[in-house]
Structure formats: structure tokens, C-alpha cells
1. Return yes when residue 46 is surrounded by 13 or more Cβ atoms within 10 Å (Cβ to Cβ) and part of a helix (DSSP H, G or I) and no when it is not.
2. How many residues does segment 49-72 contain that are over 13 Å from the mean Cα position of the chain (by Cα) and not in a loop (DSSP other than H, G, I, E, B)?
3. Give segment 75-92 a look and list any residue that's surrounded by 10 or more Cβ atoms within 10 Å (Cβ to Cβ) and at pLDDT below 80, or say none.
4. Could you list, in sequence order, all residues of segment 45-65 that are under 24 Å from residue 14 (Cα atoms) and without any contact (Cβ under 8 Å) to a residue 24 or more places away in the chain?
5. Taking interchain pairs and intrachain pairs at least six residues apart, which have beta carbon atoms under 9 angstrom, with the first residue in segment 21-37 and within 16 Å of residue 54 (Cβ to Cβ) and the second modelled with pLDDT of 85 or more?
């Protein structure tokens, strides 16, 4: 996973950005610039690490898997976690 650091974020800056976006401290990213900055921080730290642990705040299993799938795509992984073969089963688990 090779990621270009367009804004020359430091590790400390990237960590500070991401610490603002936790389940305990929910931050709504309203502008595309904010979203881009968070994305850059995630990619920078992921590129510097051997592995990643993602915490996902979600109201359902389907929502959590959808968010996880988005993260994985953004990190450069090619995967499908939810499809027609398992969507009904996931919805049944949490009704």
C-alpha cells in the first residue's frame, strides 16, 4: 500500500486529526476538505503500520460491515463484505 502524503502531514498531526473522530468524541465531517484531511491521516498512518485495527461505530451489523468495507476500499483492499447472498441473513440477526 503506497500512499502519497500530499499535504506533508506528520504522524503527530495525523494522530491528532484521527483522535477527533472517535466513538467517544464524534465529529461530523461536513466539508470535502475535512473528509480529505481525515482520509490522508488514515492513509498515512496505515502506510506506516504493519497492520490496522479499525473501530466502527454503527447502529446495525449491516451498517458496520458497510462502513468497514468502505474503509478497506480506501486502504486499497479489494473485498466485498455484503452482497445478496448474506444481506438477508445479516438483517435477520438484528431485527
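1. Against the criterion (surrounded by 13 or more Cβ atoms within 10 Å (Cβ to Cβ) and part of a helix (DSSP H, G or I)), residue 46 qualifies.
2. 2
3. Selection gives 80, 81, 82, 86, 87, 90, 91.
4. Across segment 45-65, the qualifying residues are 49, 50, 51, 52, 53, 54, 56, 58, 64.
5. Sorted first by the residue in segment 21-37, then by its partner, the pairs are 21/38; 21/41.
The values are calculated or read from the model by the stated rules, or taken from the named source; none is laboratory data. In this text the structure is predicted, and so the values were computed from the model without any measurement. A quick note on method: Cβ atoms are made from the backbone with ideal geometry, for glycine too, and the neighbour counts reach across all protein chains shown.
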